[in-house]
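Asks: Attaching a single structure in structure tokens format; questions to follow.
Just so it is clear, none of the values below were taken in a lab; they were calculated from the coordinates. Everything numeric here is computed off the predicted structure, so don't read it as measured data. We place every Cβ from the backbone using ideal geometry, glycine too, and count neighbours over all the protein chains shown.
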């Protein structure tokens, strides 16, 4: 149901979400009954307690059609950092790490300003290598005019 609702108008999305209210209620009823049936140290009992303690926040998807059921956007954004973290160990030295950080900043800055990072880097590297004075490097940043 949720997969098809993403592109729907907000009112329709909210209507679909409200249809899930009985399922959400059933889930929390089951979650409340689960810890008493299991060892308090079990993972399932812990997960049930976690869900019960956050019942209000987790149930907001029923009344707010704009809320996401998952956090895929945040996880995808953090995945780059986690993968990069392992790569950063191989910068070689502090100056190497600083150079890598500078390149990452340039690429992110270009993306934030709707500039193609590859084309931007090719352009500034060619410019810096040939004619641009070192003391005016900031003028090459991809900032909005």
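Asks: Looking only at segment 109-124, count how many residues are surrounded by 12 or more Cβ atoms within 10 Å (Cβ to Cβ) and assigned to a helix (DSSP H, G or I).
Replies: 8
Asks: Out of all the residues in segment 46-64, which are farther than 15 Å from residue 15 by Cα and part of a helix (DSSP H, G or I)?
Replies: 46, 47, 48, 49, 50, 51, 52, 53, 55, 56, 57, 58
Asks: Of the residues 92, 36, 56, which single one is exposed (fewer than 12 other Cβ atoms within 10 Å of the Cβ) and at positive phi?
Replies: 92
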